[in-house]
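S.K.: Dropping a structure here in structure tokens format, bear with me for questions.
Nothing in this text is a laboratory measurement; each read-out follows from the coordinates by a stated rule. Not measured: the values here are computed from a predicted model. Neighbour counts are summed over all protein chains in view; Cβ atoms, including those assigned to glycine, are modelled from backbone coordinates with ideal geometry.
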Amino acid sequence: MSFKIFSNLKKFSNNVALINDRGKKISYLDIIKYEEELEKNIEGKSLILFFCKNCLEALIGYVSFIRRGHKLLLIDSQIKKNDLDNILLKFRPKYIFHPNQHKLNFKKVFAIEEYLLSKTNFKIDYKINNQLALLISTSGSTGNSEFVRQSYNNLESNAFSIIKYLNIKSSDRPITTMPMNYVYGLSIINSHLYKGSSIMLTEKTILERAFWDFFREYKATTFGGVPFIFEVLKKLRFKQMKLPSLKYITQAGGRMDENLLNEFIEICKSKRKKFLVMYGQTEATARMSYLPWEFTKKKIGSIGKPIPGGRFYLENENGEIIKENNVSGELVYEGNNVCLGYSKNRFDLIKGDENKGVLKTGDIAKKDSDLFYYIVGRKKRFVKINGNRINLEHIEEILKNKKCDCICSGNDKKISIFVEKKNFNKERIEKIIIDNTNLKKQYFSINLINKIPRNKSGKVLYTHLDKKYNNSL
């Protein structure tokens, strides 16, 4: 079969593909040369456990392996040993591409600067579907070893759609702000490499001065972020920053607080930059919709309209399509970027396309008369207490508007509200909830935590709300 994604790189041979924060540059031709050397050391189309970092070696390996039709299982380079052992046990990769500081007991077959390609000694007792390109976690973490199976066609389809609606050019220069094993961060990399752009790679965070020095010196034109990144940027006084090369900012990875969103829209207007809100999921290879800049203010809070080649519709609880406007139902997406399915272990790798281009997102949404869509909440984040349907995200929003950062979980019997120490005032929080939801005290608990658990991209890790994080009062 043909692995089209990145097959066009030769025409960008002289372009700079990658720049790291030490100023080292790699051209597209350099990547192709490395690819040829790597391929000499790999047998067949193999499963490769791939340690992700925003560095030159990782991007060279990623592009090379994808171009040659290999299958990559993406993990964070700082993965815990227990999680790594669990993945090795379940998936038995034939090769591992990893930073050389990871001392693995396998044969080293090739090196690119500070990365090694190691060959494992596992018995390969499984087969792999030819369509499979990537295995990527839904959360950006690998504590739960269920991965989304993405195909080469998924990668190309989504990259092409993103290029079309963002009008990406080879002169664009994105800077990394999220891990490459997080689907949103990887989609930025894929779409820009597809157009011959230069990607600025750094493991520095937006909290570090070195990040902004790198941004200015090499003239980044765009970056992306989840809502938490913009909360941090506000504290860093982004409004006062002088970034003349910046053209536009993208936001995805969850609904942004409307006041904060409005603030960034106004900041970007004043600086003559664009702020683009988007919506996606790992199961859709990153993006499903976008809100054009000209509608950002008028349709604030909307996820916009489907990306080119995609389609939205809403279903009620009986699976019937909702045709009326402003009626909530589960959001369903159709497109070539919908993943093949999931994989819990190596025996799932032979599976084909189980979704057939249709994704039930699990999000509750509505559409307006102009066919702009709005997320109302998460299907799994609604609970029903005493017959009343309660949106956990709505409770979080109420408390956030009262300057109280919290996260909620729960079931149809009781809601648990987790609050950081700095915000903790039990009586005040109880009053806010009772006044705004009509919930009685026996149906919710307030729990003290040191810090809201988040992954490297800033997304809340709801699955980590267990005993080790809270101290119930």
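S.K.: Work the Kirkwood hydrodynamic radius out for the range 1-147: mean of 1/r over every pair of different alpha-carbon atoms, inverted, in Å.
M.R.: 15.9
S.K.: Something else about it: Using only Cα atoms, tell me the angle between helix 152-166 and the longest principal axis of the chain; keep it within 0 to 90° and round to the nearest 10.
M.R.: The helix 152-166 is inclined about 60 degrees to the chain.
S.K.: Turning to a different aspect of this structure: Sequence-distant or interchain residues sharing an amide H contact under 5 Å with Leu276, placed H: which?
M.R.: For Leu276, the qualifying residues are Ile249, Thr250, Gln251.
S.K.: When DSSP assigns beta bridges and you keep just the ones with both residues in the chain, what percent turn out antiparallel, to the nearest 5?
M.R.: Percent antiparallel among DSSP bridges in the chain is about 65.
S.K.: Let me check the size of the range 386-472 from its C-alpha atoms; what are the radius of gyration and Dmax in Å?
M.R.: Gyration radius and largest Cα-Cα distance of the range 386-472: 12.4, 38 Å.
S.K.: What do the square roots of 5 times the Cα gyration tensor eigenvalues come to for the range 257-335, in whole Å, largest first, as semi-axes of the equivalent ellipsoid?
M.R.: 27, 15, 10
S.K.: Then there is this: Per the Kirkwood definition applied to all pairs of different Cα atoms, how many angstroms is the hydrodynamic radius of the range 9-367?
M.R.: Answer for the range 9-367: a Kirkwood hydrodynamic radius of 21.2 Å.
S.K.: Could you list which residues have their amide H under 5 Å from that of Arg149, counting only those 5 or more apart in sequence or on another chain, with H placed in the peptide plane?
M.R.: Residues meeting the amide H criterion: Leu340, Gly341, Tyr342, Ser343.
S.K.: Ok, one more. Whole-Hz ³J(HN,Hα) for each residue in the range 185-202, computed from phi via Karplus 6.51 cos²θ - 1.76 cosθ + 1.60 with θ = phi - 60°, x for glycine and proline: what do you get?
M.R.: x, 5, 5, 5, 4, 4, 5, 7, 5, 4, 9, x, 6, 9, 9, 8, 9, 8
S.K.: Give, in nm to one decimal, the length gained when the segment between Glu294 and Glu263 is fully stretched (0.36 nm per residue of separation minus the Cα-Cα distance).
M.R.: Result for the pair: 9.6 nm of gain on full extension.
S.K.: Something else: Around Ser445, which amide H atoms from residues at least 5 apart in sequence, or from another chain, sit under 5 Å from its own amide H, with H modelled in the peptide plane?
M.R.: Placed amide hydrogens put Ile415, Ser416, Ile417 under 5 Å from Ser445.
S.K.: Round to the nearest 10 and give me the degree value, 0 to 90, for the angle of helix 258-271's Cα axis relative to the longest principal axis of the chain.
M.R.: For 258-271 against the chain, the angle is about 60 degrees.
S.K.: Mind scanning Lys53/Lys456; Lys235/Lys297; Lys379/Lys413; Lys24/Lys169; Lys4/Lys71 and naming the pairs with a C-alpha gap bigger than 19 Å?
M.R.: Correct reply: Lys235/Lys297; Lys24/Lys169.
S.K.: Apply the Karplus curve 6.51 cos²θ - 1.76 cosθ + 1.60, θ = phi - 60°, to the phi angles in the range 212-225 and return the couplings in whole Hz, x for Gly and Pro.
M.R.: With coefficients 6.51, -1.76 and 1.60, one gets 6, 5, 5, 3, 6, 4, 9, 6, 4, 9, 7, 8, x, x Hz.
S.K.: Project the alpha carbons of the range 245-299 onto their principal axes and report the range along each, largest first, in whole Å.
M.R.: Answer, in whole Å and largest first: 36, 26, 16 Å.
S.K.: Tell me, what ³J(HN,Hα) does each residue in the range 16-30 have, in order and in whole Hz, if you take phi through Karplus 6.51 cos²θ - 1.76 cosθ + 1.60 with θ = phi - 60° and put x for Gly and Pro?
M.R.: Once θ is set to phi - 60°, the couplings for the range 16-30 become 6, 8, 9, 9, 9, 6, 9, x, 6, 10, 10, 8, 5, 5, 4 Hz.
S.K.: Right, another one. Measure off 7 Å from each Cα along the Cα-to-Cβ vector at Ser171 and Lys441, then give the distance between these two points in nanometres to one decimal.
M.R.: So the label points at Ser171 and Lys441 sit 6.5 nm apart.
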